[in-house]
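What follows draws every value from the coordinates through simple rules; no lab data is involved. Since we're looking at a predicted model, the values are computed, not measured. When we count neighbours, we look across all protein chains shown, and the Cβ atoms used for this are built from the backbone with ideal geometry, even at glycine.
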Amino acid sequence: IQYSFASKDAIIDAMVSRWFVTYDQKFQEIAGEAPDPQAKVWAHVEATRQADEPANYKAAGLMAALMLSPEYLASTKKWYESRTEGLDVTTLEGRAARLAFLATEGAFALRWFGLMDISDDEWASIFADIKTVLNKEPKDP
């Protein structure tokens, strides 16, 4: 595989692109066409909750690699900003959506970077709490 790419950064870029495609398919499936800002956050929360263990380990590894490649970090920052773009944080609903987004990312980082042992049951419980913040009915994991 290393002979197919000009550099390690090119491999990382290809892996990140592939992960984004997979994630974005799940995101679009949940968000639907032209989602409003709260629906985008909801879709992000659900796509993160539903991702399987191998996908989350890959995503965490890619994120760690991106921290060492500032030229690729810019596109990731833009991607993250797009998830909360348009939220009206002067409203309770907008602030709740922002909090849910940050809680989702925090739970992801803690679990998949190995900074905190979070069981599958606790993961489901955390996401039930996040759904409550978004005023969404918690669903069975």
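Structure values in brief
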{"quantity": "The stretch 15-91 - percent relative contact order, Cα under 8 Å, separation 6 or more", "calculated": "37"}
{"quantity": "MRE, 222 nm, helices only [DSSP H, n ≥ 4, -39500 (n - 2.57), over the chain, to nearest 500]", "calculated": "-24500 deg cm²/dmol"}
{"quantity": "Sum of side-chain charges, Pro54 neighbourhood, beta-carbon under 15 Å (Lys, Arg +1; Asp, Glu -1)", "calculated": "+1"}
{"quantity": "Stretchable slack from Asp129 to Glu53, in nm (0.36 nm times residue separation minus alpha-carbon distance)", "calculated": "25.3 nm"}
{"quantity": "DSSP H segments from the chain that extend 18 Å or more along their own axis, Cα-based, with Kyte-Doolittle mean of -0.5 or above", "calculated": "8-31, 53-67, 92-112, 120-133"}
{"quantity": "Over 22 Å (Cα to Cα) - which of Lys58/Lys136; Lys26/Lys136; Lys58/Lys78; Lys77/Lys131 fall in this group", "calculated": "Lys58/Lys136; Lys77/Lys131"}
{"quantity": "Difference of contour (0.36 nm per residue) and Cα-Cα distance, Ala34 to Tyr80", "calculated": "14.8 nm"}
{"quantity": "Proximal charge balance of Ala34 [Cβ under 14 Å; K/R count +1, D/E count -1]", "calculated": "-2"}
